[in-house]
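Enquirer: Sharing a structure, written as structure tokens. Questions coming.
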Amino acid sequence: MSVPKLITMAKIEASVLKSKFRGCLLGALIGDCTGAPFEGDTITHGDKLVIQRYYDKLEDPTFTAPYKSYTDDTAMMKSVAKFLTDKPEPDYRFLARLFVTEFFKEPKRGYGQNIVEVFHKLRNSKFEDVYKPAKEQFMGAGSYGNGGAMRIAPVALYFHDNYKTMLEVATNATKLTHTNILGVNGALLQSVAIQLAVKCDPEAKIDPERFCAELYRRMRKIERVEEDLDDIEEEDDGTRKAYQNKLRVVENLLQKKHDDDLDEEVILNLGNGISAYESVPTAIYCFLKALNEIPSIQTENVFRRTVQYAVSLGGDTDTIACMAGAIAGAYLGEDGINTALAKQCEYYRDVLEIADNLYVAKEGPGN
Ligand code: R7I
Ligand code: MG
Ligand code: MG
């Protein structure tokens, strides 16, 4: 991919950064809450019209309905934020305890099947070796679910100015539950995408091709590390370059003209599943595609377009919309998000408070 470099801001003003912290976590919440009712669905052309009307209503300030509940995506993101806000240095045992406490407090938030087993093992072992239970899953292969990626936004925000530490903390935070290299690298890709979106000027239009090329450049380095490992076979190129290959697909799909058949191609080639590999690149594609108009979606608002498009692909809708929403919110900031839509979500005010606390923990109270 030899495209010109992405233009990012040299310095981010305090008020803009604060708004981006809010936008990112709010974006994740809205994607989770509004996407959850469609999780696991196959979406037909008719369903897309229903989804259009659903978001029209949610954006209408006079519309009253019971709030949309959040799921495990937000529940776990909460713990990641607390882990960064409450201690001066990363304490992964503390994070493992937060995950487990949150789960046993409200187990019915739609958690993945495997991760529930990890939580039980962590609790039963009294958190002795917090990395052991996750390593044992799937006969030692570890989970490649998207659970690591869906909750990673606070890490990308907190370390927005420190790329190396962001990758290190994201890796360790993910490995508490997901040790498969596809699960870990999926979380890294999502954190890299959010960090890059934070650096983009909300007043200037992002060039999707350049954004994608930048992600590709970074994943090439991240995935190259694995080449040194003896236990990965040379011919296992699918795993070694999984995300680089997916980003090439993203780039290719972005160049195609939109119609319903293209959505099918997206689902077929990028995926809409529960694995990180079949959902993180999809979320990135949703964000980049929604920067421009999408004929089947009637809205002027980029954030809404991102989330609505993600949901219209079906499958793991809460999580793909959560991840796409986090990236869009990190780019646009809180101002890019319709308040009426945000207010339809459970935990809306709390998420703003979490974002502000994270911002203060990072930038200091005077900023
Ligand atoms: O990744 P995880 O936290 O699940 C997140 C998803 C999101 O969509 C949430 O909204 C919620 O619905 O769940 O939880 P895991 O249990 O670790 O992974 C999810 C699922 O991926 C597992 O239950 C398996 O079905 C599948 N999976 C695997 N299957 C076979 N081999 C993950 N890793 C493997 C594997 O190595
Ligand atoms: Mg969920
Ligand atoms: Mg999900």
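The values are calculated or read from the model by the stated rules, or taken from the named source; none is laboratory data. Because the structure is predicted, anything quoted here is derived from the model rather than measured. With ideal geometry, Cβ positions are generated from the backbone for all residues, glycine too; neighbour counts draw on all protein chains shown.
Enquirer: If I go through region 1-31 residue by residue, how many of them are touching a Lys or Arg at 6+ places or on another chain (Cβ under 9 Å) and over 20 Å from Asp201 (Cα atoms)?
Expert: Summing the residues that are touching a Lys or Arg at 6+ places or on another chain (Cβ under 9 Å) and over 20 Å from Asp201 (Cα atoms) in region 1-31 gives 2.
Enquirer: With more than 16 Å from ligand 3 (Cβ to nearest atom), outside any helix (DSSP H, G or I) and of a type outside the set (Ser, Thr, Tyr) as the only criterion, which of Asn252, Asn245, Asn272, Asn292 stands out?
Expert: The conditions single out Asn292.
Enquirer: Six or more apart or on different chains, Cβ atoms under 8 Å: show the pairs whose first residue is in region 312-333 and at positive phi and outside any loop (DSSP other than H, G, I, E, B) and whose second is near ligand 3 (Cβ under 9 Å from one of its atoms) and modelled with pLDDT under 95.
Expert: Final answer for the pair search is none.
Enquirer: Give me the pairs, please: first residue somewhere in region 270-284 and at positive phi, second residue anywhere and part of a helix (DSSP H, G or I), beta-carbon distance under 8 Å, and either six or more positions apart or on two chains.
Expert: Gly271/Tyr277; Gly271/Glu278; Gly271/Pro281; Gly271/Thr282
Enquirer: Inside region 267-293, can you point out the residues that are more than 16 Å from ligand 2 (Cβ to nearest atom) and either hydroxyl-bearing (Ser, Thr, Tyr) or surrounded by fewer than 21 Cβ atoms within 10 Å (Cβ to Cβ) (or both)?
Expert: Ile267, Leu268, Asn269, Tyr277, Tyr285, Leu291, Asn292, Glu293
Enquirer: Please give the number of the condition Tyr347 fails out of (1) within 16 Å of ligand 1 (Cβ to nearest atom); (2) free of Cβ contacts under 8 Å to residues at least 60 places away in the same chain.
Expert: (2)
Enquirer: Please state which one of Asp335, Asp316 is charged (D, E, K, R) and within 16 Å of ligand 3 (Cβ to nearest atom).
Expert: Asp316
Enquirer: Would you point out which residue out of Leu157, Leu122, Leu188 is more than 30 Å from Phe211 (Cα to Cα), more than 16 Å from ligand 2 (Cβ to nearest atom), touching a residue at least 24 places away in the same chain (Cβ under 8 Å) and crowded, with 24+ Cβ neighbours inside 10 Å?
Expert: On inspection, the qualifying residue turns out to be Leu122.
Enquirer: Also: Test Ala81 against the stated conditions and say whether it is within 15 Å of Val155 (Cβ to Cβ) and either in a helix (DSSP H, G or I) or among the basic types (Lys, Arg) (or both).
Expert: yes
Enquirer: Please state which one of Thr34, Thr42 is part of a helix (DSSP H, G or I), within 16 Å of Ile320 (Cβ to Cβ) and among the polar types (S, T, N, Q).
Expert: Answer to the check: Thr34.
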